[in-house]
Structure formats: C-alpha cells, structure tokens
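Asker: There's a structure below that I have some questions on.
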Amino acid sequence: MAWNTNLRWRLPVICLLLQVALVVLFGVFVRYDLDADAHWIEERMSRNISSDLDNEFYYRYPSFQDVHVMIFVGFGFLMTFLQRYGYSAVGFNFLLAAFGIQWALLMQGWFHSFDGRYILLGVENLINADFCVGSVCVAFGAVLGKVSPVQLLIMTLFQVTLFSVNEFILLSLLEVKDAGGSMTIHTFGAYFGLTVTWILYRPNLYQSKDRPSSVYHSDLFAMIGTLFLWMYWPSFNSAVSNHGDAQHRAVINTYCSLAACVLTAVALSSVLHKKGKLDMVHIQNATLAGGVAVGTAAEMMLMPYGSLVIGFICGIISTLGFVYLTPFLESRLRIQDTCGIHNLHGMPGIIGGIVGAVTAASANTELYGQEGLAFAFGFGSSTLSWNASTQGKFQAAGLFVSLAMALVGGIIVGVILKLPFWGQAADENCFEDAIYWEMPKDQKSIVFRSEDPTLKPSEL
Amino acid sequence: MAWNTNLRWRLPVICLLLQVALVVLFGVFVRYDLDADAHWIEERMSRNISSDLDNEFYYRYPSFQDVHVMIFVGFGFLMTFLQRYGYSAVGFNFLLAAFGIQWALLMQGWFHSFDGRYILLGVENLINADFCVGSVCVAFGAVLGKVSPVQLLIMTLFQVTLFSVNEFILLSLLEVKDAGGSMTIHTFGAYFGLTVTWILYRPNLYQSKDRPSSVYHSDLFAMIGTLFLWMYWPSFNSAVSNHGDAQHRAVINTYCSLAACVLTAVALSSVLHKKGKLDMVHIQNATLAGGVAVGTAAEMMLMPYGSLVIGFICGIISTLGFVYLTPFLESRLRIQDTCGIHNLHGMPGIIGGIVGAVTAASANTELYGQEGLAFAFGFGSSTLSWNASTQGKFQAAGLFVSLAMALVGGIIVGVILKLPFWGQAADENCFEDAIYWEMPKDQKSIVFRSEDPTLKPSEL
Amino acid sequence: MAWNTNLRWRLPVICLLLQVALVVLFGVFVRYDLDADAHWIEERMSRNISSDLDNEFYYRYPSFQDVHVMIFVGFGFLMTFLQRYGYSAVGFNFLLAAFGIQWALLMQGWFHSFDGRYILLGVENLINADFCVGSVCVAFGAVLGKVSPVQLLIMTLFQVTLFSVNEFILLSLLEVKDAGGSMTIHTFGAYFGLTVTWILYRPNLYQSKDRPSSVYHSDLFAMIGTLFLWMYWPSFNSAVSNHGDAQHRAVINTYCSLAACVLTAVALSSVLHKKGKLDMVHIQNATLAGGVAVGTAAEMMLMPYGSLVIGFICGIISTLGFVYLTPFLESRLRIQDTCGIHNLHGMPGIIGGIVGAVTAASANTELYGQEGLAFAFGFGSSTLSWNASTQGKFQAAGLFVSLAMALVGGIIVGVILKLPFWGQAADENCFEDAIYWEMPKDQKSIVFRSEDPTLKPSEL
C-alpha cells in the first residue's frame, strides 16, 4: 500500500483545532475552586481555619508531581526501548498527554466538579487528569510504532471521553472504590488498547525487520521509565485517597507489592530462559505489575503481607504472559501488542479489581473501627444501610463495566482509526522515527523502502 | 589563532579562590533563620504554635526539590543535545550552578535576609538561590560550546551579582510581583546571555563542522532535560508564592499554559517542515515557552483559559523563532545563540512581563475579594494607597529595568570574557568535549585540528 | 577456571525461597502502625488533633520519595558508567534493593518498631529500609562486575542483618545521633564492601580488557545517577530528623556542603591531570563526598560555613583518593574497588563520624537554647544527666563499632561468597552483561572467551 505519511497539514490542523476548542471551552466553563481562588483567605478566616496548610494543595501536591513524572517520563521513556522509535515514543506520548490532560480536566470536571455553572479546578483535578491520561498511555503501548500522531490524538479524544463516562459510572453510580485505578485506568486502558490494535491488525508487520527490537542503550533509556514508574507508584496509588491513614496505608501496600514483584519477575525471567539469562523486557515491565494489581485495594486494610502476596503472584503471571501469551495473542488472535500491555496492565488490572472486591467484602468494624469503616468507604453516619458484601459485589460489577466499555469503545475507535487517511505508515515502515521526524545525520543512512512517492529515500 | 586551552592551573586556582572566599564570607555573615535554628522550639512554644508543620520548611520543601532538579538535571540535560558536548553541558552546568547558588545565597541574602549582622538562611533562600542560578543556566545556553569553564565561572560571578541588584530594584524598590521570574530570571538571563554571545562573536564557527548538531541518542538525553523542566515548572512558578491559594493557583495556571504550548509547538514544527516532519529542537524547547511566559502572572487570577491562551501563543512564537529568527540573528546581527534561548526564554519572558503587567492592572476586589487583593499584592491594611493600574505600570517598568540591566551588564561581562587568556577554544574546536575532558576510548579516534602545541591529536 | 555461570535454577530458587520466607514472616509479624491504620481517625478524634496533616505521613513522605529515587535511580545509574555492564548495574541494583528493603523492614522492625507482638509499619520504616539498602548499594559498588546476582542476594541478606544490629547498637545502646548515616550507612557499607572485595580478590582481572572503562554515552547515563544523588541528598540527610528546625537545618547544611564539594572536586580533577583536563570519574563521584561527610552532623548546629568547610575538604580528599589511593589499594593491598567507594563513602564517612562527634561535643545551651538542646539530643527533662562531651565520646565509639562490624562481617560474608558455586564469572569475563543477560543484536557480536562449556560464543 502506498499511504501518504506526510502530515504537513493534517497534524497542524488537528492540533490547532483541538487547542482552540479547548481554549473556548475553558473560557466558558473553567474557574478555580475555593482552595485555589483568591477568595480563599476570606473563606479561611470565616471558617476559622488556623493554618494555611489546611489548603488541599498541601495534602496532594507532592503526590501530584510524582504522578506527573510517571505519565511523562515514566510512560514516555518506558517505550523508548525500540531501537528506532525513541523520538516517537517520548514525543508522541508528550503530545497525547498534553492534549489529554486538558480534555480530561473538562470531561472529568463536568462529571465531578461542576457547580451548575463552572467546573472548579483544584490540585485533585490535575491528578485525576493525569490518571485519565495514564490509561491512554497504557493503550498507546499496544499500538506503539504502528499509528501516526494524528491517530493518537483522535484515540486520546475518544478514550478520555469514554474513560470519564466509565469512571462516572463506577465512582458515582456504583460507588466503587478504585483509588489506584486498577479498574478505571489499567483494565480499561489495556483492553481498550488491545481491542484497537486488534482492529488495526497489520498482517505484514514482520517486514519491518529488526526495528521492533531494542539496542543496548535504548534498553537503558527504557529503564529510566521503568524505575520512575516503579519508585513513584506509591504516590500514584495514594494520590487521591482520603487524607491521613488511607494515603499512608496506600503507600505502604504499594511499596510492599512492588518489592515482591521484582523478585518473582526476576525468578521467572531466568527460569524461562534456556541458559538462565535475564530478559530486559521482563525487568522493564513485569516488575511493575505489582503496582497495577494493588491499585484498588491499596488504601484498604489489605495488610502488608496481603500486598506481598499480590506482588508475588503478579510478577509470575506477568512474566509468563510475556513469554507465552503475547506470542499466542499475536499469532492466533491477531492482537499485536507492541509493549505487552496485556501482561503489565491487562491481567494485573483484572487481578487488582478482584482483589479490591474481595478486600472490600471482608471489611468489618473490628478491622477498621466504627469511624474508620465509615470514613474509608464514605458512607457518613448512615452506617446501617451499608454492608461490606454489597460493596464487594459492586466492586466486581465495576470491573465488568470497565471491561465492557473498553471492548465496545475499542471497536468503535479502532474502526475510526482504520480509515486510510490519518497518515499511518505502511507495514514495512512501522517502528521508524524517520517517517515522522527530521533525523540527525547518524540515523539517515539506514535505508528503508519508500512507501509514498513524496518520500525519497535519499532525502530521509 | 593558537589559544592555550590547558586549564591545569587557571581552573583549579579560580575554583579554590572562589570557594575559599565563600567559606570566609559565610563564616562572617551567614547563620540559620529562626525556622532552621535550634531555638525554634522555644519560639514555637512561646508563640503557641500548635504544630511543627507550621515551620516554613513544610510549605516550601517539595517545591524546592523540584526546582533543584530543574536547575541540575533539567538545564544540564537539555543542553546535552550536541553530539560531542554532553560532558561539558552537564558538567559545566553542574559546576557553575554549584558555585552560583553559594554566591547567590550571599548576594540575595544581603539584600533580603540581612538582620543587620547576619544573613539568616531558610528554605526560601535555597529556592531563590536556585532561581538566580536558573538565569545563569539560561545565559549558558547562548554561549554553550564556545566558552571555557573559567569563563563560565567569571560570567556566573558577575551575572549573579547583577541578577541580585536587578531583583532588589524590582521586588523591593518597584514592589513588582514576579513569582515565576518571567522578568528577573528569563528576560534578564536571556538578554544578558545574548549580549555576551554577541560580544564573543566567532566568525569562523562554521569550521566546527557537524559538532553543533545532534545524534540520535543525544536527542533522547536532551528530552530528559526537557521533560523534567516541563513537569516541574508548576513548582518553579509557585515555589515562592504566598501560602495557600496563591501557590495552588500558580500550579494550575502553569500546568495549563504548558499543556497548550505543546500542541501549538507540534503544530508549527510540522507545518514549517516541507514534508511535515517534526524537529526535535522544537519539541525540546518550544514546548517549554508556556512555562516562561506565565511566570509573572501565574499566581494572579489569570484564569485557566488565560493560561491556555498564553501557552497557545508562545508555542507558536517560540517555534517560529527557531525557524526564522535564530538564523537571522546569527547571519545579520552576529548573535550566535547555540540553544536558541531567545526563542525559549527571551521572547516568552517579555510576553510574561507584559501579561503580568496587564493582569495586575486589571486586579480588583470583585475578582480577589477585599482581603484576597490585599494579601495577593501585599499591601497590608493601607488599602487606599494602592491601585491596580499603578501596580501594572510598575510591573511594566520592571520589565524595562530588567532589559536594561541585561544589556549593559552583558556588554561589560562580554568584554571581560573576550580577554584571550581564559582558556577558550579556537573557532574550529568549539562544541568539543575533548578540549577540556579526558575522553573514553570510543571518542578519541575522531580527529580534530590541534589549536595549541601542547595538544597533540594523537594523545587526545 | 571453568565456572558455571548458568543461573537457570540457582537464581530462581533463591529469589522464590527468599520471597516466600518474607511473605510468611510479614504474615506473622507485620501490621500497620497507628498513623497508617484505619483506626487512626478514632485516635485522632480521641486525642483532639485538629488536622489530618498531623499524620506522620505528611512530615516524611516527600523526603521518602526523594530517598527512594536515590536508591533506585541514583545508585543504579551511577554504576552504569561501565561500557558493557549497564543492564547489570541497574538491574542487579534493582533486584538487591527490592529484596533488601523487605528484609530491612523486618530486621529494623524487630529492633525498633516491635510492640511485643507485631512490627508496626509507617512511612519512617520505609525510609529506614531504604537507608539500610543504601549501605548495600555502597558495598555493591566495590564488587560491581565481579559477582553474580546470587552472590548479591546473599550479600544483601547478611549485610542488612549486620546493618540492623550495628544500627541498634549505635542508636539504641550508645544513643548516638546519625540522621544522615555517615557511620551506619556509609562507613559501614564502604568498609564492609571493601572487605568483601578484598576476600574475593581476582588476580587476573586485567584479562577483562577494556570492559572496566566507560564509553561516551555510558558516562552520561552515570551522570543521571550522580545528579539525582546530589540533588536529593538534602532529603536523605533530613528524612528522619526531628520535625521542624532539625529537618530544615539538615537540608541547609547538606545543600551547602555539596555545593562546596563540587568546586574542589573540579579543581583537583583538573590540577591532577597533566593537561588540566577533567575526569568524568571524579565529577561523577567526588562531587558527592560532601553529602556523605555531613551526614551525622547535618541536623546539628553545624552552621552553614561549617558545612562548606566539610564539603571543601571532602572534594579534595575524595579526588586525591581516586587518583592515588585506589590504584595503591589494588596493586598493594589487593583491594579491587570497582567504583572507588573508598573515596566516595569510606573516607568521607569516617570524616562524617568525626565531625559529628566534634559537633555534638561542642553543643551547649547558648547555641541550642535549653529546650532546643533537650529536643535535639532527645534527653527529655532529665537535663542534668546529659552532657555534650559524653555525647561526643559515644559518637566516636559509634564510629569504631561501625568499622569493627564492617570488617568482621565483611570477612565472614566474603568467605561465604568465595564458595565456587554461586554462578560467578571467570576473571576474563567480568564486567560483561552477556554472561547474565539476553543481549540485543548490536551487542552480540563482541567476542569473549568462553569460560564454561555450556556457553558457546556463537550463541551469546
């Protein structure tokens, strides 16, 4: 196929159109919430709050910055492992996330921070926007190297919208707890992305030769992403939890789960290689599965040993997935999952949803205390109407809703992205920065087949 | 020219002299402020402060660490894009910043934290010292690859001094607001650096061949710098704002401006390339212009849409600058701006100063509340004597003072640096680590012309 | 020697055994402390605490995340300077730290957080576990490239145990102050590691040819490690200090010491090279010595100029160590110290212990205030029983205990690691990722001698 990958007008037009629309919508709808408005000082005095520190900002800001790093450096660099796709991995992730957070502020704002006239923004909105974009970064991992930036912006537009609807159903209608987003972020993001890449199946992808693999230094760049994700995951899972013990507990649980996960991922990586050698792909990805799987339950009374067990299991399952399941998905189900997000976000996300449901169902006043239980599950003084088993069932329902939204949404978006005029590359030119980037001299010499008369190899 | 680039005595002597002087001056002048002194506990008890958290440390420390990362990793790695100047980019930035923060603690301390006998240090001084050095890092971007570390230390010595004087004029005499430093840091730093590089004009710089360009992995290293600058910029613009809503608001505004900036920078980068390809230089730099331009007004009631508009405009202007203005400045005005700081810090800094003036001039009690307005612009109970339009005029005056200081100071410092004995390299050996660094074997084979009889190519 | 480096069963078995043991021990012993337990809200109400912010979490969490980055990115990337050992540097550091923090939570928990039935975990435990692992990362630097991951896990198991015993003796029995761990972390870690590498002496290490040196980009990766260590060191030294002024002061002192250290390290690096060129090894390491040496005294009234003096001296001593002492240790004492930890952690750690003893011995009520002195040295109301000179003597005793523990422990562990069945490589295959890692194509072509019939060069 001779697709036209010249984005000279398509990319600028969509960027500018989207950004102009965002400016207008922000102008109409977005203002500061009380804690970020200059009237706060009057409010503070009238409510007799003794310290400036009781501004929500001081509870959330350090976690926000950590989450921010995870989205932009964590996901961005994790995907630089491909030898000739580092610019695109970091650059397109940057682009889609910068657009996505703005659109998420609006979508999530209408659902959760709308006072009837304005969306009121505070630091928690910024965190939630980053979370929402996190699910897009996950889906990006499945289609990495095979889509144009125009397709990515379109995917982001739809996925953020669907994410917000799904999140509203879970958090507001089903009253599900999902602080670390095992369901809303990881399960939804992964199965959405897998469905999209299934629709966009490329039968001749093998023609792109060595490019889907790594080189020595690209693997080290990817480790920067891995480590920042791993280190800051405790902030991710605790960032929007209740003040005090819930944030504190979510950090401890995530820390424990991630640590256990590293050991079992290393163990499986070695045992599954015929010479016992470690594979960077597993170290870069499976070591993170424990953070995904503890997302929903991290703020609950999961106990440190419970977290270790989850990390233990997910390190094993995730590594097994990379070795056996990813090749199977590609060859039998025609699901080409570039980064193996099914192993890092898909299965661990589902496990996380289940663990959350079980942990919620076993909550009781002995474990949480009377007040603690009410505070943790947010049911105020109407204690009698709430019971743990119902919460557990709603948690499970939330998992199924997320999966259903991901599959249906993924099909629709996949079909839209399959249209031939979004600037996507031919199968033999995938995983190649030179299609969309002006390259430095050292990389220009590599020959690849022209896919379009406007692209002359000699000029690349 | 056959300049001697052997720094064996010059660099050690200046480093040791400066450091000894700093030790002596710190011994005579510097002590801890009340919040960092062991007497604080008595003070706290006598003032009946209920919580240790009311120590200034807890308001500022997370922001401080983010700013610290911007100065050392952000600026340091942003400048590693050159293929053979990575050691110098990171290493010299490290050196000049480590010296500069100490000298800034003294200079800013005398102006702002002097109790008549001692400069009293607290966490806010550390942030301000990092800010001051930030303006030196900006200027370093203009002369990158063309100056010796000795020249950089001399430039830092003078620039920190001038910065502190300028900052004192703006903040204390004109009572200008400039929390994120659009004027004091970016405008001053950029035009100072541009003036210095204009004085240091090198007519035969083209002889350094390919070295001023990037290679594939050097661009990825630079993206580490870009992303840490981008992610932590909300901390930069809010770090020294008033407690509470002002810090909170500055974060939201900066987040919004930066996000918008990415989309327009990408749009322009693509549309200005004849095949629609993206240029890493624009992605690395122009995406940050929104953070610069929102510096002064970020803590004001700029509104989220106002921030988006600023980011929108600056992404465009900055990218246009890289494509059209930088070559023009070099060929016509003989201003060789290695990193294009005019596009990232110069023009956006001026825009930021103007936006700040306009935003201040339109402040009113409806928008801020009576108390909020007094708190935001720091005029205590003497409400009547203050009006927004005067504040706006003083803001504008501050911008002009910064420009004037930068130009005059830059000329003086440029002339000093032009003296031939600071160890600078010849035109054909610019952008080359091997001049000042012991190189690993893989880089030694590259041949370059000897500029000095003490440098034999075979030994490099 | 033909050692078998195939880890297919040894590494997985030890990983899984250790992790299963940890799960069981956590199940039996570990629960949340009061600030992380759901009962906290009841406790808060009963104790009439007005704000959620008085949860310990908010005092410690930002520092915790910074320390976490130092352990995983800081130490991990600092050791990527070797041209063919980047995977192992980052990957093995990740593995040993993930195991070590779990084991440290138990060991330190039994000594310091045991309520008779359970170890109660909070954020401070997480920081202390990271600290403990920091000492293992230090020791890893001495044996880098010469040991298998199995050996590293065994070393971690023992070193964490010994660290905890030593820490208990110092902090609980001798009542020594050592917030930044000059003695417990750096001195202990360095001399433990040096003793181990002395026992593991490899006479034919020269056969591994160029591999112990760096290439251009590996040095830039290492600078990522250096800078994150340098930038976050103020958090390291203040993370477990008393609330309020002590944390605040520790940050200021560390910031000052590190800044001074950079200038003297650069000065010495240049003056010790015959052409005055800088050496990346010094910039990567000696610039950090000031942080080590100020560890014990950072929270005391050391004064900013005192910190500068310490940084000044340590930058010089550390660089001199790299140039003169490391070669001497290797050739004369048969101590092969891959990363030069003796220069970065050994000597500066001892200096730090001495400075701490002197600073403590000169504490008085004039400097600290009556209450401040009691609070800083933790002796409650029984003021009369405490005197500064005794504290100073106990500090000095702590330093000797740490050295003794390191030497004795290092000999025992070294002898265990010398057993021939841990999968270690032959002398000529040290510093080589391909022994333990599946390599990407670009690195497979490099030939090295087979050490084991199961390793055929053609298949590497």
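The values are calculated or read from the model by the stated rules, or taken from the named source; none is laboratory data. Predicted model only: the values in this text are computed from it and were never measured. As a convention, Cβ positions derive from the backbone with ideal geometry for all residues, glycine included, and neighbour counts pool all protein chains shown. These area figures cover heavy atoms from the full protein model, side chains too; ligands, DNA and RNA do not enter into them. Shrake-Rupley method; radii C 1.70, N 1.55, O 1.52, S 1.80 Å.
Asker: Pull out a ≥ b ≥ c, the square roots of the eigenvalues of the alpha-carbon gyration tensor of segment B:151-290, then state rounded if a/c is under 1.5, prolate if not and a/b is larger than b/c, and oblate in the remaining case.
Answerer: Values: a/c = 2.37, a/b = 1.20, b/c = 1.97.
Oblate is the answer for segment B:151-290, as a/c is 1.5 or above yet b/c matches or exceeds a/b.
Asker: Consider a paramagnetic label point 7 Å from the Cα of C:L17 along Cα→Cβ; state which residues of segment C:112-155 have an amide N under 19 Å from it.
Answerer: C:148-155
Asker: Would you grab the residues whose amide H sits under 5 Å from the one on B:I119? Only those 5+ places off in sequence or on another chain, please, with H modelled 1.01 Å from N.
Answerer: Correct list: B:V30, B:R31.
Asker: For segment C:95-194, which trypsin sites (Lys or Arg not before Pro) are both in a DSSP coil and crowded by at most 15 other Cβ atoms within 10 Å?
Answerer: Numbers: sites: C:R117, C:K146, C:K177; in loops: C:R117, C:K146, C:K177.
Taking segment C:95-194 and a limit of 15 other Cβ atoms within 10 Å, the loop trypsin sites (Lys or Arg not before Pro) found are C:R117.
Asker: So, one more: Got a sec? Charge dipole of chain B, +1 on Cβ for Lys and Arg, -1 for Asp and Glu; which of B:I354, B:F26, B:T5 is way out at the positive end?
Answerer: Farthest towards the positive end: B:T5.
Asker: Mind ordering B:239-251, A:249-261 by average Cβ neighbours within 10 Å, highest first?
Answerer: Values: B:239-251: 26.2, A:249-261: 30.2.
Top to bottom by mean Cβ count within 10 Å: A:249-261, B:239-251.
Asker: Please label the shape of segment B:1-67 as rounded, prolate or oblate, based on the square roots a ≥ b ≥ c of the eigenvalues of the alpha-carbon gyration tensor (a/c under 1.5 means rounded; beyond that, a/b larger than b/c means prolate, else oblate). Present the calculation step by step, with values, prior to reporting the outcome.
Answerer: Details: a/c = 7.40, a/b = 2.57, b/c = 2.88.
Cα axes put segment B:1-67 in the oblate bin.
Asker: Also, quick follow-up: Can you work out the accessible area per residue across segment A:89-136, with the rest of the protein chains kept in place, probe 1.4 Å, in square angstrom? It would help to have the intermediate numbers written out before the result.
Answerer: Values: 1000 Å² over 48 residues.
I get 21 Å² per residue for this part.
Asker: For segment A:42-116, report the translational diffusion coefficient in µm²/s to the nearest whole number, using Stokes-Einstein at 25 °C, 0.890 mPa s, and a Kirkwood Rh over Cα pairs. Intermediate results must be reported in sequence, preceding the final value.
Answerer: Working: Rh = 15.4 Å.
Rounded, D is 160 µm²/s.
Asker: I'd like the FRET efficiency for C:N387 and C:R117, computed as 1/(1 + (r/R0)^6) with the beta carbon distance as r and R0 of 45 Å, rounded to 0.05.
Answerer: Numbers: r = 38 Å, r/R0 = 0.84.
With a Förster radius of 45 Å, E is 0.75.
Asker: With viscosity set to 0.692 mPa s and temperature to 37 °C, compute the Stokes-Einstein D of segment C:73-141, Rh being the Kirkwood radius across alpha carbon pairs; µm²/s, no decimals. Walk me through the intermediate numbers first.
Answerer: On the way: Rh = 12.9 Å.
Diffusion coefficient, whole number: 255 µm²/s.
Asker: List the chymotrypsin sites (Phe, Trp or Tyr not before Pro) in segment B:28-133 that DSSP assigns to loop (not H, G, I, E or B) and whose Cβ has at most 11 other Cβ atoms within 10 Å. Which are they? Don't skip to the answer; put the middle values down first.
Answerer: Details: sites: B:F29, B:Y32, B:W40, B:F57, B:Y58, B:Y59, B:F64, B:F72, B:F75, B:F77, B:F81, B:Y85, B:Y87, B:F92, B:F94, B:F99, B:W103, B:W110, B:F111, B:F114, B:Y118, B:F131; in loops: B:Y85, B:Y118.
Passing sites in segment B:28-133 do not exist.
Asker: Measure out, as a whole number of angstrom, how far apart the alpha-carbon centroids of segment B:332-349 and segment C:66-130 sit.
Answerer: Computed from Cα coordinates, the inter-centre distance equals 45 Å.
Asker: Considering only DSSP beta bridges where both residues belong to the protein assembly as shown, give the percentage that are antiparallel (nearest 5). Let's see the in-between values first.
Answerer: Working: 3 of 15 bridges.
Around 20 percent of the beta bridges assigned by DSSP in the protein assembly as shown are antiparallel ones.
Asker: Further, regarding this structure: Taking only the alpha carbons of the protein assembly as shown, what extent do you get along each of the three principal axes, in Å, biggest first?
Answerer: Result, largest extent first: 72, 71, 70 Å.
Asker: Mind giving me the nanometre distance, one decimal, between the label points for A:I412 and B:V408, set 7 Å out from Cα along Cα→Cβ?
Answerer: It is 6.4 nm.
Asker: Hey, another quick one. Past 27 Å, Cα to Cα: identify those pairs from B:K209/B:K274; A:K146/B:K274; C:K418/C:K441; B:K146/C:K274, in the order given. Mind showing how you got there, number by number?
Answerer: Details: B:K209/B:K274 24 Å; A:K146/B:K274 23 Å; C:K418/C:K441 33 Å; B:K146/C:K274 23 Å.
Too far apart for the 27 Å limit: C:K418/C:K441.
Asker: Based on the inverse mean of 1/r over its pairs of different Cα atoms, what is the Kirkwood hydrodynamic radius of chain A, in Å?
Answerer: Numbers: mean 1/r = 0.0439 Å⁻¹.
Kirkwood radius, chain A: 22.8 Å.
Asker: Quick one: Cα centre-to-centre distance for segment B:241-292 and segment B:162-222, in angstrom?
Answerer: 18
Asker: Using only the Cα atoms of segment C:1-136, build the gyration tensor, take square roots of its eigenvalues as a ≥ b ≥ c, and label the shape rounded, prolate or oblate: rounded if a/c is under 1.5, else prolate if a/b is larger than b/c, else oblate.
Answerer: Numbers: a/c = 3.71, a/b = 1.79, b/c = 2.07.
Note, shape of segment C:1-136 comes out oblate.
Asker: Restricting things to alpha carbons, tell me how big segment B:230-301 is in terms of Rg and Dmax, in Å.
Answerer: My reading of the Cα-based Rg and Dmax gives 14.2, 49 Å.
Asker: Can you give the accessible area of C:D279 in Å² (nearest 10), computed on protein heavy atoms with a 1.4 Å probe?
Answerer: For C:D279, the solvent-accessible surface is approximately 50 Å².
Asker: Still on this structure, I have one more. Tell me the distances, shortest first, between B:D427 and the same position across the other copies, using label points 7 Å along Cα→Cβ, in nm to one decimal.
Answerer: Ordered by increasing distance: 5.4, 5.5 nm.
Asker: With the dipole of the protein assembly as shown worked out from charges on the C-beta (+1 for Lys and Arg, -1 for Asp and Glu) around the Cα centre, which of A:G145, C:N125, C:T264 lies farthest toward the positive end?
Answerer: Projecting each Cα onto the dipole axis, the largest value belongs to A:G145.
Asker: Follow-up question, since we're still on this one. At a Förster radius of 60 Å, what calculated FRET efficiency corresponds to the Cβ-Cβ distance of A:S331 and B:F400, to the nearest 0.05? Walk me through the numbers on the way to the answer.
Answerer: Details: r = 68 Å, r/R0 = 1.14.
For A:S331 and B:F400, the calculated efficiency is 0.30.
Asker: Follow-up. Report the closest approach of any chain B C-beta to the axis of the B-to-A rotation: residue and distance, in whole angstrom.
Answerer: Nearest-to-axis residue on chain B, with distance in whole Å, is B:P62, 3.
Asker: Quote the charge dipole size of the protein assembly as shown about the Cα centre in Debye, to the nearest 20; the model charges only the Cβ of Lys and Arg (+1) and of Asp and Glu (-1). Write out the running numbers ahead of the final one.
Answerer: Working: 75 positive and 99 negative charges, 857 e Å.
Using Cβ point charges on Lys, Arg, Asp and Glu, the protein assembly as shown gives about 4120 debye.
Asker: Can you give the Rg to Rh ratio of segment A:184-239, both from alpha-carbon atoms, with Rh computed by the Kirkwood formula?
Answerer: Values: Rg = 15.9 Å, Rh = 14.4 Å.
Ratio of gyration radius to Kirkwood radius for segment A:184-239: 1.10.
Asker: Could you state the angle between the C-alpha long axis of helix C:388-417 and the longest principal axis of the C-alpha atoms of chain C, as a value from 0 to 90 degrees rounded to the nearest 10?
Answerer: With rounding to tens, the tilt is 30 degrees.
Asker: Now, a different point. To the nearest 10 degrees, how steeply does helix C:86-112 sit against the main Cα axis of chain C, on a 0 to 90 scale?
Answerer: Long axis of C:86-112 versus the principal axis of chain C: about 30 degrees.
Asker: So what is the orientation-averaged projected area of segment B:156-204, using the convex hull of its C-alpha atoms, in nm²? If you can, show how the numbers build up before the last one.
Answerer: Values: hull surface 15.7 nm².
If I average the Cα hull's projected area over directions, I get 3.9 nm².
Asker: Please check which bits of segment B:190-232 a label hung off B:D427 would reach, taking the label as a point 7 Å along Cα-to-C-beta and the cut-off as backbone N under 17 Å.
Answerer: Under cut-off, by backbone N: B:197-212.
Asker: Return the long-range amide H neighbours of A:L278 (sequence gap of 5 or more, or a different chain), with a cut-off of under 5 Å between placed amide H atoms.
Answerer: For A:L278, whose amide H was placed from the backbone, the distant partners under 5 Å are C:W437, C:E438.
Asker: Going through segment A:301-393, which trypsin sites (Lys or Arg not before Pro) have at most 16 other Cβ atoms within 10 Å and a DSSP loop state?
Answerer: Numbers: sites: A:R332, A:R334, A:K393; in loops: A:R334.
The qualifying sites are A:R334.
Asker: What's the average, rounded to a whole number, of partner chain beta-carbon atoms within 10 Å of each residue's beta-carbon in A:41-47? Don't skip to the end; give the middle numbers.
Answerer: On the way: counts 14, 6, 4, 3, 1, 1, 0.
Per residue, the number of nearby Cβ atoms from other chains is 4 on average.
Asker: Mind pulling the angle between the C-alpha long axis of helix A:149-167 and the longest principal axis of chain A? Nearest 10 degrees, somewhere in 0 to 90.
Answerer: That helix lies at roughly 20 degrees to the long axis.
Asker: Turning to a different aspect of this structure: Just to confirm the numbers: B:F328, label point 7 angstrom along the Cα-Cβ line, distances to the other copies in nm, shortest first?
Answerer: Inter-copy label distances (nm, one decimal, shortest first): 6.3, 6.3.
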